[in-house]
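**Student:** What follows is a single structure, and I will ask about it in a moment.
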Amino acid sequence: MNLPERYSGSAVAIGSSGGFLAVRSDAQSDRIDMDAIFTVLRRRLWLIARVIALCVALAVLVTMLIPRQYTPHAVVEVRTIAPGAQVIQEAANSAPDAAGLRTDQVDTEIQILQSRALAGQVFDRLKLDDDSDFMERVQSKSGPLASVKRALGIGASLVPGAIKPAEGREMAIDYLTKGLDISRIVTTAYALQISFTDDDAARAAKITNGYAATYLDYQVGAKKAENEKLIASLSTRIEQLRVQAQTDFGAVQRYRIANNLLSTNGTALTEQEISTYNQQVAIARSDAARDRAAYNAARRQVVAGGGAAGDTQSAPVIAALRAQRGELAVKVADLATRDLETNPELIAARNQLAALDSQIAAETSRTLSAFEAKAHASESRMGSLEASLGGATGKLAVNNGAMIALDDLNRKAQASQALYDSYLNRYKEVVARSGAERADSRILSSARVPGSPSSPNLVLNLALGTAVGLLLGVAAAILAESNFRGLTTGDDVERQIGLSFFGGVPLFHSASPHEATALQTIAAHPGDIYSESVRSVLASLRQSNNSRNQVIAITSALPGEGKSTLAVSLARVAGLSGERVAIIDADAIRGSVAGLYGVPAGAPGLHELFGKKVDLDAARHVDPVDNVAVFAIGSPFAEGERLTEKGRIQKLVAKLRERYDLIILDCPPLLPIAEARELVTIADNVLIVARWRESTDGAVRAAIKLLPLQTISHIGVALNGIDLRKKLQLGGNDATAFYNRYKSYYRSETA
């Protein structure tokens, strides 16, 4: 809206004498204005309360219409073997021990309980397909609307045969999984709470207990299946290991035969044989050396002794021969000394002696040959033993090389046999355990038929309804406030219209104390809130224009804004203060000043004055209370006749300027009466009256657009008809918003 700068509430305007300051309405604050927020909420408190009441009523209605739901609880202790504990490790000799549960294992058990497979087992276990009420509940539509329809008995019943058994079973499983709730009672405990929600308390408890029992049966079945699978797997594996062990053992035996390792300690026998050979070789070597030495000694004696055989003399034969030779030599010597060489006896004795020598030599030669043969035999035996020792040593080397591979084959055979024995023992354990499986978990407490429904929860629904109602109420309040075009505070005036705010005037009957009319209230209580509010508006009018403020035009955008009441109130306040005041009823169509001031009917007024039937003094009515000169419209003007014709009212105001300190023009509303635009140009200041929270900013702006602003000295807005009781709740930054803080200051309040 294009207003002169002096009228814009967004500008700071100070008069030439520095009297009036127009506060900037577009100043931005660096903080969130919580007061403004609470003010908006207070303004729409009844709207918020109605929305909350509506939401609470809806919550009560929904609570009454929604079918009762029952949720019993069963508690199951979860105990299971850690994953992977039953897996047979290669080369393991004992069964694994059970491990404690981890959080992920508990989560796994929860997933098992929530699985569709377990739900199907519950359905089959409890034979729920025979429960027609359950199947009808399952196959009917779900949701709040469907629940309300069922509560009201609206909707068709289940038609037999309409849904196939397989499809009905799937729908039942869906229903079971949706109604099931599994929760861990304590995060550090291995106990699960199983809950199922249904509109039938007995059926809900039955299904809950069915889930607990089916879960235990599931564990037993899982163990049986695991054992059967394990037995089959172990049987196959055991047969494979048996064949492998036999193959490995056969390989060992074949290798022994191939490498002549017929004894498990073949290497030890060879070493013993070598030791024996070493001993025998040592003995043979000693014997060979001895025999060779004996032979050499005998030869040396034979050579040196001329037939002496050394050690051969000890031989019995040679000794006997030598004894005979000795006797015979004595005989020969004796005969030689006594007889001649030709003595036959001597010759015979000498021949016998030679024969004995030949025999001794022959015997010595035979003995020497025996020594030589014995020496050769000892050496041959020693060579044979050394050859056998070398063969045994070579065989030991070969055996040692073969034993390396044999040892590897033995270890492989032993490992295969050990693994086979391990699996065989495990197989026996599993077979012995099969058929005696028990569930690891157990039921700590079974579900009981609940005596009271779990939902709907009236208290919770009321709380939710209240919370939702509060949120919606606040949203509705904000929406209503954002769309509200009425004027509540001075900030609204300056922000939405752009004019200076001259103050607010309360409803006189909302002020305490008050009388029957506004004028009577001012007269009876000149120092109370209503009188002070009017006086404040008058002060603002005069401060807005220090150069000239004698004539004030009071108007409004539309009829019914209370401008006439404010006009006469301004006149009385000024009159009671001792000023010379004149008030002119400038509304030729619906003038009301005469009625407000109590001017007698038929008394002369403006019509008579302008018609020159009476003079100025005769046309005025002086009020005895405040001495205000009232120029009312006693007789109505002709239709279409206006006060501004021929400058009549302008001339009247010019005359009154010479006689009165304050002249108030009660002008008609701007929008319906065109004359009002000309009337306000007569005044020094123009006051547009707007009804509190009833006049819209659009109407006021539309009225201002019609004014000849270039001819008006100053213009402002006052809010009229403020209900102080409501104003205290609605807040604001004008004086009436703080009425509770200063009302005790007035004399009438303290008296």
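For every residue, the table says whether it meets (1) closer than 18 Å to Asp697 by Cβ; (2) within 58 Å of the chain's Cα centre (by Cα); (3) at pLDDT 85 or above; (4) not basic (Lys, Arg).
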{"position": "Val468", "(1), (2), (3), (4)": "no, yes, yes, yes"}
{"position": "Ser510", "(1), (2), (3), (4)": "no, yes, no, yes"}
{"position": "Pro513", "(1), (2), (3), (4)": "no, no, no, yes"}
{"position": "Thr521", "(1), (2), (3), (4)": "no, no, yes, yes"}
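**Student:** Further question on the same structure: Taking the condition at pLDDT 85 or above, farther than 24 Å from Ala222 by Cα, in a helix (DSSP H, G or I) and open to solvent by 70 Å² or more (accessible area, probe 1.4 Å), does Arg448 pass? Walk me through how you get there before you give the answer.
**Tutor:** Numbers: at pLDDT 85 or above: yes; farther than 24 Å from Ala222 by Cα: yes; in a helix (DSSP H, G or I): no; open to solvent by 70 Å² or more (accessible area, probe 1.4 Å): yes.
Spelling it out, it is not the case that Arg448 is at pLDDT 85 or above, farther than 24 Å from Ala222 by Cα, in a helix (DSSP H, G or I) and open to solvent by 70 Å² or more (accessible area, probe 1.4 Å).
Quick grid of which residues meet (1) at pLDDT below 85; (2) part of a helix (DSSP H, G or I); (3) surrounded by 15 or more Cβ atoms within 10 Å (Cβ to Cβ):
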site	(1), (2), (3)
Val122	no, yes, yes
Lys141	yes, no, no
Ser147	yes, yes, yes
Ala156	yes, no, no
Gln193	no, no, yes
Lys206	no, yes, yes
Asn209	no, yes, yes
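**Student:** Looking at region 405-419, is at least one residue open to solvent by less than 70 Å² (accessible area, probe 1.4 Å) and at pLDDT below 80?
**Tutor:** Looking through region 405-419, at least one residue is open to solvent by less than 70 Å² (accessible area, probe 1.4 Å) and at pLDDT below 80.
**Student:** Still on this model: Looking at region 436-445 only, could you name the residues that are small (Gly, Ala, Ser), crowded, with 16+ Cβ neighbours inside 10 Å and either at pLDDT 90 or above or touching a strand residue (DSSP E or B) at 6+ places or on another chain (Cβ under 8 Å) (or both)?
**Tutor:** In the first step, residues of region 436-445 are kept if they are small (Gly, Ala, Ser); the result is 436, 439, 441, 445.
Within this subset, residues satisfying the condition of being crowded, with 16+ Cβ neighbours inside 10 Å are 439, 441.
Residue satisfying the conditions is Ser441 alone.
Okay, residues lined up against (1) within 30 Å of Ala319 (Cα to Cα); (2) polar (S, T, N, Q); (3) assigned to a loop (DSSP other than H, G, I, E, B):
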site: Gln352; (1), (2), (3): yes, yes, no
site: Ala355; (1), (2), (3): yes, no, no
site: Gln359; (1), (2), (3): yes, yes, no
site: Thr364; (1), (2), (3): yes, yes, no
site: Ala373; (1), (2), (3): yes, no, no
site: Gln414; (1), (2), (3): no, yes, no
site: Ser422; (1), (2), (3): no, yes, no
site: Leu444; (1), (2), (3): no, no, no
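**Student:** Could you tell me which numbered condition Ala553 fails, if it satisfies all but one of (1) within 18 Å of Val625 (Cα to Cα); (2) at pLDDT 90 or above; (3) hydrophobic (A, V, I, L, M, F, W, C)?
**Tutor:** The number of the failed condition is (1).
**Student:** Could you give every pair whose Cβ atoms fall below 9 Å, whose first residue belongs to region 673-688 and is free of Cβ contacts under 8 Å to residues at least 60 places away in the same chain, and whose second residue is among the acidic types (Asp, Glu), counting only separations of at least 6 or pairs across chains?
**Tutor:** That search, which allows pairs on different chains as well, returns nothing.
**Student:** Which of the residues belonging to region 548-563 are open to solvent by less than 10 Å² (accessible area, probe 1.4 Å) and closer than 10 Å to Val689 by Cβ? Talk me through it step by step, then tell me what you get.
**Tutor:** Here is the first cut: in region 548-563, the ones open to solvent by less than 10 Å² (accessible area, probe 1.4 Å) are 551-557.
Correct list: Ile554, Thr555, Ser556, Ala557.
**Student:** Ok, one more. Name the residues in region 508-526 that are in a loop (DSSP other than H, G, I, E, B), open to solvent by 50 Å² or more (accessible area, probe 1.4 Å) and not β-branched (Val, Ile, Thr), would you? If you could, list the steps in order and put the result at the bottom.
**Tutor:** Residues of region 508-526 that are in a loop (DSSP other than H, G, I, E, B), as a first pass: 511-517, 525-526.
Retained after the next criterion (residues that are open to solvent by 50 Å² or more (accessible area, probe 1.4 Å)): 512, 514-517, 526.
Across region 508-526, the qualifying residues are Ser512, His514, Glu515, Ala516, Pro526.
**Student:** Right, next: Would you mention how many residues in region 320-371 are surrounded by 15 or more Cβ atoms within 10 Å (Cβ to Cβ) and among the hydroxyl-bearing types (Ser, Thr, Tyr)?
**Tutor:** Here the count works out to 2.
**Student:** Does region 655-667 hold any residues that are open to solvent by 20 Å² or more (accessible area, probe 1.4 Å) and part of a helix (DSSP H, G or I), and which are they?
**Tutor:** Lys655, Arg657
**Student:** Something else now. In the list Ala567, Ala629, Ala638, Ala574, which residue meets the criterion of being under 21 Å from Glu675 (Cβ atoms) and open to solvent by less than 20 Å² (accessible area, probe 1.4 Å)?
**Tutor:** Numbers: Ala629 fails: under 21 Å from Glu675 (Cβ atoms); Ala638 fails: open to solvent by less than 20 Å² (accessible area, probe 1.4 Å); Ala574 fails: under 21 Å from Glu675 (Cβ atoms).
Within the list Ala567, Ala629, Ala638, Ala574, the selection yields Ala567.
**Student:** Sticking with this one: With the structure loaded, tell me whether Leu670 is under 16 Å from Ala718 (Cα atoms) and assigned to a strand (DSSP E or B) or whether it fails that test.
**Tutor:** Values: under 16 Å from Ala718 (Cα atoms): yes; assigned to a strand (DSSP E or B): no.
For Leu670, the condition - under 16 Å from Ala718 (Cα atoms) and assigned to a strand (DSSP E or B) - is not met.
**Student:** On the given criteria, is Leu389 under 29 Å from Val281 (Cβ atoms) and either open to solvent by 40 Å² or more (accessible area, probe 1.4 Å) or more than 52 Å from the chain's Cα centre (by Cα) (or both)? Before the answer, list the steps.
**Tutor:** Values: under 29 Å from Val281 (Cβ atoms): yes; either open to solvent by 40 Å² or more (accessible area, probe 1.4 Å) or more than 52 Å from the chain's Cα centre (by Cα) (or both): yes.
In short, yes.
**Student:** I'd like to check something: does region 221-238 contain any residue that is farther than 28 Å from Arg125 by Cα and either open to solvent by 70 Å² or more (accessible area, probe 1.4 Å) or touching a strand residue (DSSP E or B) at 6+ places or on another chain (Cβ under 8 Å) (or both)?
**Tutor:** For region 221-238, residues farther than 28 Å from Arg125 by Cα and either open to solvent by 70 Å² or more (accessible area, probe 1.4 Å) or touching a strand residue (DSSP E or B) at 6+ places or on another chain (Cβ under 8 Å) (or both): present.
**Student:** Between residues in region 352-364 that are without any contact (Cβ under 8 Å) to a residue 60 or more places away in the chain and within 18 Å of Gln301 (Cα to Cα) and residues that are in a helix (DSSP H, G or I) and open to solvent by 40 Å² or more (accessible area, probe 1.4 Å), which pairs lie under 8 Å by C-beta distance while being six or more apart or on different chains?
**Tutor:** Asp357/Arg325; Ile360/Arg322; Ile360/Arg325; Glu363/Val317
**Student:** Now a separate question. Out of region 456-490, which residues are in a helix (DSSP H, G or I) and buried (at least 18 other Cβ atoms within 10 Å of the Cβ)? Break it down stepwise before answering.
**Tutor:** So in region 456-490, the residues in a helix (DSSP H, G or I) come out as 458-483, 490.
Those that are in a helix (DSSP H, G or I) and buried (at least 18 other Cβ atoms within 10 Å of the Cβ): Asn461, Gly465, Gly469, Gly473, Val474, Ala477, Gly490.
**Student:** Restricting the search to region 163-209, which residues are charged (D, E, K, R), over 19 Å from Arg125 (Cα atoms) and free of Cβ contacts under 8 Å to residues at least 60 places away in the same chain?
**Tutor:** Lys164
**Student:** Determine which member of the set Val653, Val628 is over 30 Å from Gly498 (Cα atoms) and touching a strand residue (DSSP E or B) at 6+ places or on another chain (Cβ under 8 Å).
**Tutor:** On the way: Val653 fails: over 30 Å from Gly498 (Cα atoms).
Result of the check over Val653, Val628: Val628.
The values are calculated or read from the model by the stated rules, or taken from the named source; none is laboratory data. What you are looking at is a predicted structure, and each value in this text was computed from that prediction instead of being measured. Every residue, glycine as well, gets a Cβ built from its backbone with ideal geometry; the counts of neighbours run over all protein chains shown. When the accessible area is computed, the model is the full protein with side chains, heavy atoms only, and any ligands, DNA or RNA have been set aside. Shrake-Rupley method; radii C 1.70, N 1.55, O 1.52, S 1.80 Å.
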